[in-house]
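The values are calculated or read from the model by the stated rules, or taken from the named source; none is laboratory data. Computed from a prediction, not measured in an experiment: that's the story for all the values here. When we count neighbours, we look across all protein chains shown, and the Cβ atoms used for this are built from the backbone with ideal geometry, even at glycine.
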Amino acid sequence: MEIKKTQTKAFSNLIVSALLIVFEIWAWIQSNAIKTAKSATVQPATFPRIMIIGMGVFTAILFIQSIIKLIGMKAGDPLAQKAESMNVFKDRGTLAALFVIALCALYVYLFKNVGYVVVSFFLCAIIMWLIGLRSPAKLLSISILVPLGMWFVFYKFLTVNIPMGILQPLRDLVDKI
Amino acid sequence: MDWNLLFSSYANVFLDPTTLLMTLLGAAGGVLLGAIPGMTATMGVALLIPFSFGMDLIPSIGLLLGIYCGGMYGGSISAILIHAPGTPSAAATLLDGYPMAQKGEAGRALSVAMFSSFCGGVIGALIMTFLSPLVAKVAMKFTSAEMLMLAVFGLSVIISISGKSIAKGLISAFFGMLLCTIGLDPTYSKQRFTFGVTSLKGGLSFIPVLIGLFAVAEVIAGVERIIAGRESAQAKSKEKITRVLPDIHTIKMIFSNILSGGIIGTFIGAIPGAGGDIAVFVSYAFNKGISKHPEKWGTGIPNGVASTESANNGCSGGAMIPLLSLGVPGDSVTAILLGAFIMKGIQPGPMMYVSELPTVYKVFAALMLANLAMLLVGCAGVRIFAKIVSLEKRMLYPIILIVSLLGAFSINKNVFDIGVCVFFGVIGWLMNKYEFPLSPILLALILGPMCEQNFVRFMDLNQGNFGEIIHYPIAIGFFVVAVGVVIFSLINQKKINEREAANAAGFVQE
């Protein structure tokens, strides 16, 4: 099956480099907000700007390389292969990845108030169910025991105080024992 | 050198049951801590130092060195098994270690890492014993010019770890260097790219970024592959560990990598401020550069693991050199060790070689013992560690995720770091998807602050005239070597791309 030029790695490189150029322009504008230091030989904004310029030069190279490849594309060229898709309507894998990212974002949001053990239980159980683990015994035992075990090791042996949220009484109980 | 005193010190240390036990316990604790993403050897030593308060000097130093050496090796376990380097200095181990595990050679990768760590540690300890005053003298002459060029030399390695596209590798590197500038600038404390977020003032924490880029990104990509049907959720390694140490054939194959890695690690470790995290990449690039088959590096070969792990543990000996001979710690762990010495009433420095020579020799022996203890613990644990990858992917991925996120939190006990970890997980996933290499970001994050601080310091000292650098011969030496590495890596990469293109063309014709 012939691959359309817009589905090739060369085209995806073109799009990515265009997005990177936008990012670099944005970063340059942000660097203007960095305050200057009086009588400084090297201003605080100098080093980040050198990095933005460096990034910009190689992004431009990638952009030009991609255009050249797209114009004279040959079969067998590694960049003529099909690129990874980001189409959530056609690719269930990407949709699942975005779902995991959303779960992680929710995890960060709830971590402090709900507590590590409870949010980890839900995160672990949902992802296991998502990727095909249907045994309730395995699903529940792993989702409960791993976060509890990790909390215990970090709290008791490594003295890392992890938010327990609604399970705070459990920590009080461990402290008493 | 007083050979009689040296041998009697070795005998005293190796035959003292308390020192033996403490060193073994330290090594076991260090391996376990190092294997947990987010827990570094520095944290391990800092956490366990209170236990050494009541002990005599040598058992307590044995305990701390055991943790140090164990932690350095332990970091490679999670790098190989779950793509999450336990410590920053194990970051380069995953370049070949993880692909080996994916090919069903996790046990072999672990045994190579363990054996190389041991050999690298022994090389470091031997060099420390014989060359410590000399090496320390050279390293201590380094000014901001030499440190700047050392950072540039470290960065020259980027091309050889960039993979197929050098442009993408360099974009990643500059992006990593840009990330280093987030927070207060190191000289004038002006805010840069903080967007009013208080947690960003201190800059991005390295470990959460590291865990995000590698472990979280791997979990997201793994779920994507399983749902898209490109990977089986029930997939698990059925590898049986038949031996805990590498076979003779493998040892012969990796011998030169171990030797060069150990030497590189020791010398870089001896430079204050430059530790295992830099040494591993330099060693990897050096060994890849001299390899007959550089195209195989990064695909899962024992040479890659050996070159990084030997350099990693070689640093432990190297970092002790300035500590003992000048009283200046070579890295964060030796800074804590310096505190332990002072607590026991001993002031490391040139006078220690005059007034406390028996103690100096006992410390040499304790480092050798710590490496031996690490080997014993590693041998005992290889089978257990390898069992981790025998878990089904549908159980392994969620476990990796919750362990990694907790690791990110544990560094500063800050929920913001979990957010950073997830954010960089997404960045890492996207970069992998569009074939941008991740390792250059890592190297840039390590070397960026060193590069900027010394650049600013050098320019301030020389009234903004960069041309003054020609008056620093060691710095020029580093620069010349860096240029050589870049040219050599470019030629090497061209050869690799040509070979791969030829292979691909052959495949198409078939």
Screening B:Asn371, B:Asn432 for residues that are within 23 Å of the chain's Cα centre (by Cα) and under 13 Å from B:Phe214 (Cα atoms) leaves only B:Asn432
Given (1) surrounded by fewer than 18 Cβ atoms within 10 Å (Cβ to Cβ); (2) more than 7 Å from chain B (Cβ to nearest Cβ), number of the condition A:Ser17 does not satisfy: (1)
Considering only residues that are closer than 22 Å to B:Ala335 by Cβ and β-branched (Val, Ile, Thr), which ones fall in the stretch B:345-380? B:Ile346, B:Thr359, B:Val360, B:Val363
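Quick grid of which residues meet (1) assigned to a helix (DSSP H, G or I); (2) within 28 Å of the chain's Cα centre (by Cα); (3) modelled with pLDDT of 90 or more:
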position: B:Glu224; (1), (2), (3): yes, no, yes
position: B:Arg230; (1), (2), (3): no, no, no
position: B:Ala233; (1), (2), (3): no, no, no
position: B:Ser237; (1), (2), (3): no, yes, no
position: B:Ile241; (1), (2), (3): no, yes, no
position: B:Pro246; (1), (2), (3): no, yes, no
position: B:Phe255; (1), (2), (3): yes, yes, yes
position: B:Ile258; (1), (2), (3): yes, yes, yes
For the stretch A:39-67, name all the residues that are aromatic (Phe, Trp, Tyr) and either more than 8 Å from chain B (Cβ to nearest Cβ) or touching a residue at least 24 places away in the same chain (Cβ under 8 Å) (or both). A:Phe63
Output the residues belonging to the stretch B:410-429 that are more than 7 Å from chain A (Cβ to nearest Cβ) and aromatic (Phe, Trp, Tyr). B:Phe416, B:Phe423, B:Phe424
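Confirm whether A:Ile142 is of a type outside the set (Gly, Ala, Ser), in a helix (DSSP H, G or I) and more than 7 Å from chain B (Cβ to nearest Cβ).
No, not satisfied.
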Considering the stretch A:70-113 alone, what residues qualify as being touching a Leu at 6+ places or on another chain (Cβ under 9 Å) and either within 25 Å of A:Ser141 (Cβ to Cβ) or at pLDDT 95 or above (or both)? A:Ala96, A:Phe99, A:Val100, A:Leu103, A:Cys104, A:Leu106, A:Tyr107, A:Val108, A:Phe111
Looking for something surrounded by 19 or more Cβ atoms within 10 Å (Cβ to Cβ) and more than 9 Å from chain B (Cβ to nearest Cβ) - is there at least one such residue anywhere in the stretch A:148-163? no
Test: residue in the stretch A:5-13 that is more than 10 Å from chain B (Cβ to nearest Cβ) and of a type in the set (Ser, Thr, Tyr): yes
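Do we have any residue at all in the stretch B:138-151 that's within 14 Å of chain A (Cβ to nearest Cβ) and modelled with pLDDT under 85?
Yes; the residues of the stretch B:138-151 include at least one that is within 14 Å of chain A (Cβ to nearest Cβ) and modelled with pLDDT under 85.
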State whether the residues of the stretch B:384-399 include one that is buried (at least 20 other Cβ atoms within 10 Å of the Cβ) and at pLDDT 90 or above. yes
When you scan the stretch A:166-175, do you find a residue that is facing chain B (nearest Cβ under 8 Å), of a type in the set (D, E, K, R), out of contact with any Asp or Glu (no Cβ under 6 Å at 6 or more places or on another chain) and surrounded by 12 or more Cβ atoms within 10 Å (Cβ to Cβ), even just one? no
Please enumerate the residues belonging to the stretch A:68-96 that are part of a helix (DSSP H, G or I), surrounded by fewer than 15 Cβ atoms within 10 Å (Cβ to Cβ) and either on the phi > 0 side of the Ramachandran plot or more than 8 Å from chain B (Cβ to nearest Cβ) (or both). A:Ile68, A:Ile71
Based on what the data block shows, is B:Ala380 away from chain A (no Cβ under 14 Å) and either surrounded by fewer than 24 Cβ atoms within 10 Å (Cβ to Cβ) or closer than 25 Å to A:Lys156 by Cβ (or both)? yes
Across the stretch B:157-202, which residue is farthest from the other protein chains (Cβ to nearest Cβ) among those that are assigned to a loop (DSSP other than H, G, I, E, B) and surrounded by 22 or more Cβ atoms within 10 Å (Cβ to Cβ)? B:Ser162
Can you name every residue in the stretch A:24-38 that is hydrophobic (A, V, I, L, M, F, W, C), facing chain B (nearest Cβ under 9 Å) and surrounded by 13 or more Cβ atoms within 10 Å (Cβ to Cβ)? A:Ala27, A:Ile34, A:Ala37
Being closer than 22 Å to B:Ala221 by Cβ, in contact (Cβ under 8 Å) with a residue 24 or more places away in the chain, out of contact with any strand residue (DSSP E or B) (no Cβ under 6 Å at 6 or more places or on another chain) and among the hydroxyl-bearing types (Ser, Thr, Tyr): is that true of A:Ser12 here? yes
